[in-house]
1. Looking only at segment 112-134, decide whether some residue is at pLDDT 95 or above, in contact with a strand residue (DSSP E or B) (Cβ under 6 Å, 6 or more places away or on another chain) and farther than 25 Å from E39 by Cβ.
2. Scan D232, D179, D261 and give me the residue that is among the charged types (D, E, K, R) and buried (at least 19 other Cβ atoms within 10 Å of the Cβ).
3. Residue check, I1 against (1) open to solvent by 40 Å² or more (accessible area, probe 1.4 Å); (2) not in a loop (DSSP other than H, G, I, E, B), all met but one. Which one?
4. Of everything in segment 93-127 that's out of contact with any Lys or Arg (no Cβ under 8 Å at 6 or more places or on another chain) and in a strand (DSSP E or B), which residue is most open to solvent (accessible area, probe 1.4 Å)?
5. Quick check on my filter: what residues within segment 131-152 are in a loop (DSSP other than H, G, I, E, B), away from ligand 3 (no atom under 15 Å from the Cβ) and either under 24 Å from Q256 (Cα atoms) or open to solvent by 50 Å² or more (accessible area, probe 1.4 Å) (or both)?
6. Going by what's in this entry, would L31 be described as assigned to a strand (DSSP E or B) and under 30 Å from K262 (Cα atoms)?
7. So is F155 without any contact (Cβ under 8 Å) to a residue 60 or more places away in the chain, in a loop (DSSP other than H, G, I, E, B), within 25 Å of P73 (Cβ to Cβ) and aromatic (F, W, Y) or not?
Amino acid sequence: IPIYLCIIIAIIISINGYRQLKRPRSPQEELRRAVEDNEFLPYLQPIVNHQGRICGAEILMRWHHPNQGFIMPDLFIPLAEDTGLITIMTTQMLTSVKSYLLQNQHYLPDGFHLAINISPGQCNDLLFYNDCLSFMSVFPEGKVKLVAELTEREFIEDTGNAALLFEKLHNLGVQIALDDFGTGHSSLAYINQFNIDIIKIDKSFTHLIGSVDMPSHIVDNVVDLANRLNIDVVAEGVENATQEAYLKLRNIQFFQGYFYDKPIPPAVFIEKMQQQSDRQARLSADLSLNG
Ligand code: C2E
Ligand code: MG
Ligand code: MG
Ligand code: MG
């Protein structure tokens, strides 16, 4: 073959390669690549009890994109749900948090409340159940209380399947929470159909507390309903002392919001748990000295 032909072929090949490189990936391909490259990270937002102590956390996903920095879940969760990639991303979150908590379990109070968000599409198979099984199996019994938070952004298509899954989760000791309660279209139907352990009052309701035209009966009625049905309540989006005081008077058990902490990297969360557990130890040492 003449040399000039070789050169022309080489040029054509390299131009094509360049085109391939420049062709923008579809959002689906980009998400898939990011899952393979482990770019999704769990952040933990503390959940505090009536005494103001951290008694748990919610796992909130963050996308650490190499060029775009941190991307918030509202921008990628819908696509993750549509593509089904949410399943493997959930597995990644639980696996990562499991190893952090396992190494530091002596700093966690017993019955540590660990919440993970699940999408309605994850109610159709046993993949999430298997994640929970492998999570629960490494901790001593009663150490961690895993909670699956279900949102109503999408409908649960097969409620029979979901009920079956929830029953299996309950047998494992995993609790079911209704997230963003009152904002979807099926809150009351879900309470009626499923065995629900926890209601999360949506932050849009929490934020009404203290405003002039607050329809306080919304929060009050949700708490009332929960009490009657023997369901725990977590207040989401607590941002100030006024909101906290109001919610405490309503006998709400768990609080979450910027007033306490933002979602933070697991290592920072563990540091906080360590400080809290050191404080507790000092306190009980003082008490035994003085008593
Ligand atoms: P969510 O489960 O209702 O989580 C609470 C959201 O409120 C989080 O937003 C949290 O950062 C934010 N937040 C917490 N405290 C406050 C506060 O005091 N004020 C205000 N204004 N906001 C507060 P984020 O992290 O952006 O997550 C948004 C939603 O994305 C979540 O809402 C959840 O539905 C979804 N999501 C996040 N991670 C996952 C995941 O791993 N799997 C699934 N399926 N969904 C997830
Ligand atoms: Mg949630
Ligand atoms: Mg919520
Ligand atoms: Mg929400």
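The values are calculated or read from the model by the stated rules, or taken from the named source; none is laboratory data. Computed from a predicted model, the values in this text were never measured in an experiment. Every residue, glycine as well, gets a Cβ built from its backbone with ideal geometry; the counts of neighbours run over all protein chains shown. Accessible surface is based on the protein model in full, side chains and every heavy atom, while ligands, DNA and RNA are left aside. Shrake-Rupley method; radii C 1.70, N 1.55, O 1.52, S 1.80 Å.
1. yes
2. Only one candidate passes the filter, namely D179.
3. I1 satisfies every listed condition except (2).
4. N117
5. Within segment 131-152, S137, V138, P140, E141, G142, K143 qualify.
6. On the way: assigned to a strand (DSSP E or B): no; under 30 Å from K262 (Cα atoms): yes.
So L31 fails the test.
7. yes
Residue by residue, here is whether (1) charged (D, E, K, R); (2) within 11 Å of ligand 1 (Cβ to nearest atom); (3) touching a strand residue (DSSP E or B) at 6+ places or on another chain (Cβ under 9 Å) holds:
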position: I191; (1), (2), (3): no, no, yes
position: I198; (1), (2), (3): no, no, yes
position: L208; (1), (2), (3): no, no, no
position: D232; (1), (2), (3): yes, no, yes
position: A245; (1), (2), (3): no, no, no
